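S.K.: The structure follows.
The values are calculated or read from the model by the stated rules, or taken from the named source; none is laboratory data. Quantities reported herein were computed from a predicted structural model and do not represent experimental measurements. Neighbour counts are summed over all protein chains in view; Cβ atoms, including those assigned to glycine, are modelled from backbone coordinates with ideal geometry. Each accessible area value is taken on the protein alone, full model and side chains, heavy atoms only, with ligands, DNA and RNA left out. Shrake-Rupley method; radii C 1.70, N 1.55, O 1.52, S 1.80 Å.
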Amino acid sequence: MPNSVTTRFAPSPTGYLHVGHIQAAAFARDAARAAGGRFLLRIEDIDPVRCRPQYTPAIEEDLRWLGLEWDGPVRVQSAHLEEYRAVLEELAGRGLLYPCFCTRAEIAREIAASGGAPHGPDGPLYPGTCRRLSPTEREARIAAGDAYALRLDMGAACACTGPLTRHERGKGRLACHPEAFGDVVLARKDIPASYHLCVTHDDALQSVTLVTRAVDLEPAADLHRLLQALMNWPEPDYAHHPLLLGPDGKRLAKRDGAATIRQMREAGETPEAVLARVLARPVS
Ligand code: GLU
């Protein structure tokens, strides 16, 4: 029988691990261990601008030093771009994606001209300009070499799945509102697949049964649930943990001098003391 609970810690290698990461990793690890399940490590490095390969071994080393050992091989997203491309192709083949040629400036101008746009979890909603292009116009612009992102046609996607719910530990079944994201980008002009697509694909592929994240990312779960339903991927449970707070009672930030694990280690702290201190911090 497969293990009943699989969780994962999925950092992006944009720097050394800090206390927020450790809280997230320990939360996922503890949820798996409490159920006798599996705890996985995944490196989310699809954004070549923000991610630096040298941080990946540093992340593994810091986790090992802290005793936050993971099970099985580490999945590194940048080694699997063709898998994400296949998902995009499938969605495109079903008419659920469209190419968007707009620049940020053009989108901002369009929004300003129409008197504003509602805000979604990832920013102002896209006004749908390129959704209205004809197939001929799309083909001509692609043939001309214009760069494009791929957006989900949210109306068409929601019509496909109908209303959705998800299960949040401690709260039960919640109604999902993926439409709050509007026509979300699933592949950027400069990055072949978006966070939302890759994370949802990988959670399904790796049989993650409990997705754990900080509460500030909770709205994304509704969009991920939509992608799962569209792709017929299994539905995981969700558990969102509170955020660590800084001395001012606000979300812990770099300005609070939140040291990296590496700095604490170099200062001669023991892993036990670091873990205990991180987990004893006040939370939101
Ligand atoms: N890779 C994401 C990050 O470091 C988090 C992934 C997730 O847990 O969904 O912010």
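S.K.: When Thr7 is evaluated against the numbered criteria (1) closer than 21 Å to Leu275 by Cβ; (2) more than 11 Å from the ligand (Cβ to nearest atom); (3) open to solvent by less than 40 Å² (accessible area, probe 1.4 Å), which criterion, by number, is the only one it fails?
M.R.: Result: Thr7 passes all but (2).
S.K.: Does Ala221 qualify as being under 23 Å from Gly123 (Cβ atoms), more than 16 Å from the ligand (Cβ to nearest atom), at pLDDT 95 or above and open to solvent by less than 60 Å² (accessible area, probe 1.4 Å)?
M.R.: Spelling it out, it is not the case that Ala221 is under 23 Å from Gly123 (Cβ atoms), more than 16 Å from the ligand (Cβ to nearest atom), at pLDDT 95 or above and open to solvent by less than 60 Å² (accessible area, probe 1.4 Å).
S.K.: Further question on the same structure: Just name the residue that is surrounded by the most Cβ atoms within 10 Å (Cβ to Cβ) out of those in region 224-243 that are touching a strand residue (DSSP E or B) at 6+ places or on another chain (Cβ under 6 Å) and in a loop (DSSP other than H, G, I, E, B).
M.R.: Pro236
S.K.: Does region 244-256 contain at least one residue that is buried (at least 17 other Cβ atoms within 10 Å of the Cβ) and either within 14 Å of the ligand (Cβ to nearest atom) or assigned to a strand (DSSP E or B) (or both)?
M.R.: yes
S.K.: Just give me the residues in region 203-217 being open to solvent by 30 Å² or more (accessible area, probe 1.4 Å) and over 18 Å from Ala25 (Cβ atoms), in sequence order.
M.R.: Leu205, Ser207
S.K.: If you take just the helices (runs of 4 or more DSSP H) that sit entirely in region 130-208, which of them hold at least 2 residues that are of a type outside the set (A, V, I, L, M, F, W, C) and within 16 Å of the ligand (Cβ to nearest atom)?
M.R.: Ranges flagged: 195-205.
S.K.: Looking at region 148-188 only, could you name the residues that are of a type in the set (A, V, I, L, M, F, W, C) and free of Cβ contacts under 8 Å to residues at least 40 places away in the same chain?
M.R.: If the condition is that a residue be of a type in the set (A, V, I, L, M, F, W, C) and free of Cβ contacts under 8 Å to residues at least 40 places away in the same chain, then Met154, Ala159, Leu174, Ala175 are the ones that fit.
S.K.: Oh, and also: Within region 12-56, can you find the residues that are more than 11 Å from the ligand (Cβ to nearest atom) and among the polar types (S, T, N, Q)?
M.R.: Selection gives Gln23, Gln54, Thr56.
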